[in-house]
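Peer 1: First, the structure itself, so that you have it in front of you.
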Amino acid sequence: MPMVTLSSIPQPAVWHGVPSVTLSDETLRQRKASVLSKMQQHGLDALIVYADKEHGGNFEYLTGFIPRFEEALLVLQASGEAVLVLGNENLKLAAHARLTNRVIHAPWFSLPNQPMDNKKPLPELLKEAGVTAGKTLGLAGWKLFTGSGDDAHQMFDLPAFIVDAIRLAGEGTAQLRNATGIFIDPDGGARTVNNANELAHYEYGANLASTAILTALNAIEPGKTEKQIAALLAAEGQPNNVVTIAATGDRFAWANLYPGDKVIQRGDKFSLTTSYKGGLTSRAAYVVANASELAPDVADYLEVVAKPYFCAVVAWLEHLHIGMKGGEMYDVIERVLPKAEYHWHLNPGHLVADEEWLCSPIGPGSAATLKSGMLLQIDIIPSRAGYAGASIEDTVALADDTLRHTLASDYPALWQRIVARRAYIAEHIGIRLPDEVLPMSNTVGYLRPWLLDQGRALVCK
């Protein structure tokens, strides 16, 4: 275990006004080719990809857009033909999709009381989309149903009216399988590994989230409201992919999930989270300037919660490497932050993409291998009764020599941000990142337990 002290260090640098990186046509071509290859491996004649606003990542991976406030299907044939089945207000997006398609109008996917003037029933429309008898059909929602037993491949998280229509279109002879793993199986799903263009695309969100969080952290003071702090987390008009958190004192009063009018008090617990495509940043600590301002029953927070948690994050970052099994990382965290004592229960780390939580290769006994191109979020959540939490969730990428060289040559400004972040983490926080671990967030490893003391953070000695 490293020796951890609370020391005076400069705050990490942040970057404002970073341009977005558009996914290239070649990246979209590679994505489709990867999915078609995996369809062939799974013996699928067609893949039916479901989407709505909350669960549009697999659909967007190939089409470039989500169906916003409606539902949608992408029917991808083994031949490569793509059909988009869209509601009223997304028909216009078919012409802008990132893959060649033909479009079928399904008004059942539209909002309540909008026109439903299509005279063909949904099963007939699906037949026109290529969902026909005798085929082996993969259905991709957003869940893997791992641990559900032998029936997992027959569990579907699409709305029942859509699954029923698929069965009718298949006339009882089509075979249906859960094929979500084609996209998000943690040990081989198409979306779990990114090329340089994709990493640059997602780094925009990781930079945005961590910049906003540091801005908000520096604005916290007694007398302000949650809403005043939360306003600083809305960045560049970009959509959040999780609920924004700016919560002082006890959370969830009156079942409220959102920032409210509660006034920050000295000594409060405080939680802060914002997330965009490619990265979430989260912090949890106390609104105090030093330990003497804590309530007596939590006066030992630094030793009981913050330092042990920080040591776990250090271990996570310093052990992370390409080729590591997910079970190995789970064991590392179990050794340094025993689950029985610190009561974390989710996977200590997971993959990110357009979603904040894509899937996780990390778990007890997991044989899933960490690969170059993966985007991972530090997500270890300790819980000690009576104490505030501790959280420094941020995003890193794994990149081998070839991928690092491509990033440096194709995206030099991005590469300079990564180099600067690595130097800060080494020189000021004392964490020794392996060469293949690239900080995508500006605040990786930065833990400030006293939110009113902006000059000190935990460091390794």
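The values are calculated or read from the model by the stated rules, or taken from the named source; none is laboratory data. Everything numeric here is computed off the predicted structure, so don't read it as measured data. Because the Cβ atoms are built from the backbone with ideal geometry, glycine has one as well, and the counts that use them run over all protein chains shown. Just the protein is used for accessible areas: all its heavy atoms, side chains included, with ligands, DNA and RNA removed. Shrake-Rupley method; radii C 1.70, N 1.55, O 1.52, S 1.80 Å.
Peer 1: Tally the residues that are crowded, with 18+ Cβ neighbours inside 10 Å and out of contact with any Pro (no Cβ under 8 Å at 6 or more places or on another chain), restricting the search to the range 154-165. Reasoning before the result, please.
Peer 2: The first filter runs over the range 154-165 and keeps only residues crowded, with 18+ Cβ neighbours inside 10 Å, leaving 156, 158, 162, 165.
Cutting the leftovers down to out of contact with any Pro (no Cβ under 8 Å at 6 or more places or on another chain) gives us 156, 158, 162.
Count: 3.
Peer 1: Select from the range 303-321 the residues that are touching a helix residue (DSSP H, G or I) at 6+ places or on another chain (Cβ under 6 Å) and open to solvent by 30 Å² or more (accessible area, probe 1.4 Å) and list them in ascending order.
Peer 2: Step one: list which residues in the range 303-321 are touching a helix residue (DSSP H, G or I) at 6+ places or on another chain (Cβ under 6 Å), which gives 311-312, 315, 319.
Within the range 303-321, 319 is the sole residue that qualifies.
Peer 1: Restricting attention to the range 80-115, which residues are in a loop (DSSP other than H, G, I, E, B), in contact with a helix residue (DSSP H, G or I) (Cβ under 7 Å, 6 or more places away or on another chain) and more than 16 Å from residue 162 (Cα to Cα)? Outline the logic, then answer.
Peer 2: Looking only at the range 80-115, we keep the residues that are in a loop (DSSP other than H, G, I, E, B), and these are 80-81, 87, 97-101, 106, 110-115.
Going one step further and asking which of them are in contact with a helix residue (DSSP H, G or I) (Cβ under 7 Å, 6 or more places away or on another chain), we end up with 80, 87, 97-99, 101, 106, 110, 114-115.
Once the filter is applied, which keeps residues that are in a loop (DSSP other than H, G, I, E, B), in contact with a helix residue (DSSP H, G or I) (Cβ under 7 Å, 6 or more places away or on another chain) and more than 16 Å from residue 162 (Cα to Cα), the range 80-115 yields 80, 97, 98, 99, 101, 114, 115.
Peer 1: Across the range 205-225, what is the number of residues that are surrounded by fewer than 22 Cβ atoms within 10 Å (Cβ to Cβ) and either closer than 17 Å to residue 358 by Cα or among the aromatic types (Phe, Trp, Tyr) (or both)?
Peer 2: Of the residues in the range 205-225, 0 are surrounded by fewer than 22 Cβ atoms within 10 Å (Cβ to Cβ) and either closer than 17 Å to residue 358 by Cα or among the aromatic types (Phe, Trp, Tyr) (or both).
Peer 1: From the list 132, 146, which one is out of contact with any strand residue (DSSP E or B) (no Cβ under 7 Å at 6 or more places or on another chain) and without any contact (Cβ under 8 Å) to a residue 40 or more places away in the chain? Explain how you work it out, then say what you get.
Peer 2: On the way: 132 fails: without any contact (Cβ under 8 Å) to a residue 40 or more places away in the chain.
Going through 132, 146 in turn, just one is out of contact with any strand residue (DSSP E or B) (no Cβ under 7 Å at 6 or more places or on another chain) and without any contact (Cβ under 8 Å) to a residue 40 or more places away in the chain: 146.
Peer 1: Could we say that residue 157 is under 15 Å from residue 49 (Cα atoms) and among the acidic types (Asp, Glu) here?
Peer 2: Working: under 15 Å from residue 49 (Cα atoms): yes; among the acidic types (Asp, Glu): yes.
Yes.
Peer 1: Hey, among the residues in the range 78-87 that are surrounded by fewer than 18 Cβ atoms within 10 Å (Cβ to Cβ) and either more than 22 Å from residue 23 (Cα to Cα) or of a type in the set (S, T, N, Q) (or both), which one's nearest to the chain's Cα centre (by Cα)? Please lay out each step first, then the result.
Peer 2: So in the range 78-87, the residues surrounded by fewer than 18 Cβ atoms within 10 Å (Cβ to Cβ) come out as 78-81.
Those still in the list that are either more than 22 Å from residue 23 (Cα to Cα) or of a type in the set (S, T, N, Q) (or both) too: 78-79.
Numbers: 78: 29, 79: 31 Å.
That would be 78.
Peer 1: A follow-up question, please. Looking at the range 41-71, which of the residues that are of a type in the set (Gly, Ala, Ser), buried (at least 22 other Cβ atoms within 10 Å of the Cβ) and within 22 Å of the chain's Cα centre (by Cα) is farthest from residue 141 (Cα to Cα)? Even if it seems obvious, please write down each step before you answer.
Peer 2: Of the residues in the range 41-71, the ones of a type in the set (Gly, Ala, Ser) are 43, 46, 51, 56-57, 64.
Right, trim to buried (at least 22 other Cβ atoms within 10 Å of the Cβ) and you get 46, 51, 56.
Adding the requirement that they be within 22 Å of the chain's Cα centre (by Cα) leaves 51, 56.
Numbers: 51: 7, 56: 9 Å.
This residue is 56.
Peer 1: Follow-up question, since we're still on this one. Would you please list the contacts, defined by Cβ atoms under 7 Å and residues six or more apart or on different chains, that run from a residue in the range 423-451 that is more than 21 Å from residue 1 (Cβ to Cβ) and at pLDDT below 95 to a residue that is open to solvent by 10 Å² or more (accessible area, probe 1.4 Å) and in a loop (DSSP other than H, G, I, E, B)?
Peer 2: Once the first residue is more than 21 Å from residue 1 (Cβ to Cβ) and at pLDDT below 95 and sits in the range 423-451, no partner that is open to solvent by 10 Å² or more (accessible area, probe 1.4 Å) and in a loop (DSSP other than H, G, I, E, B) comes close enough.
Peer 1: Between residues in the range 206-228 that are over 12 Å from residue 280 (Cβ atoms) and in a helix (DSSP H, G or I) and residues that are modelled with pLDDT of 95 or more and among the small types (Gly, Ala, Ser), which pairs lie under 6 Å by C-beta distance while being six or more apart or on different chains?
Peer 2: Between residues of the range 206-228 that are over 12 Å from residue 280 (Cβ atoms) and in a helix (DSSP H, G or I) and residues that are modelled with pLDDT of 95 or more and among the small types (Gly, Ala, Ser), the close pairs are 226/246; 226/260.
Peer 1: Within the range 322-335, is there a residue that is in contact (Cβ under 8 Å) with a residue 60 or more places away in the chain and open to solvent by less than 30 Å² (accessible area, probe 1.4 Å)?
Peer 2: Of the residues in the range 322-335, the ones in contact (Cβ under 8 Å) with a residue 60 or more places away in the chain are 322, 326.
Filter once more, keeping what is open to solvent by less than 30 Å² (accessible area, probe 1.4 Å): 326.
Yes, that holds for at least one residue.
Peer 1: Just give me the residues in the range 312-324 being closer than 22 Å to residue 401 by Cβ and under 20 Å from the mean Cα position of the chain (by Cα), in sequence order. Talk me through it step by step, then tell me what you get.
Peer 2: Kept after step one, since they are closer than 22 Å to residue 401 by Cβ, are these residues of the range 312-324: 317-324.
317, 320, 321, 322 - these are the residues of the range 312-324 that are closer than 22 Å to residue 401 by Cβ and under 20 Å from the mean Cα position of the chain (by Cα).
Peer 1: Something else now. Quick check on residue 284: is it open to solvent by less than 10 Å² (accessible area, probe 1.4 Å), not in a helix (DSSP H, G or I) and not basic (Lys, Arg)?
Peer 2: Values: open to solvent by less than 10 Å² (accessible area, probe 1.4 Å): no; not in a helix (DSSP H, G or I): yes; not basic (Lys, Arg): yes.
Answer is no for this residue.
Peer 1: Say we look at the range 226-256 and pick out the residues that are surrounded by fewer than 19 Cβ atoms within 10 Å (Cβ to Cβ) and of a type in the set (Asp, Glu); which of these is modelled with the highest pLDDT?
Peer 2: Among residues in the range 226-256 that are surrounded by fewer than 19 Cβ atoms within 10 Å (Cβ to Cβ) and of a type in the set (Asp, Glu), the one modelled with the highest pLDDT is 236.
Peer 1: Continuing with the same structure: Only one of these conditions is not met by residue 409: (1) polar (S, T, N, Q); (2) touching a Gly at 6+ places or on another chain (Cβ under 8 Å); (3) over 28 Å from residue 57 (Cα atoms). Which number is it?
Peer 2: (2)
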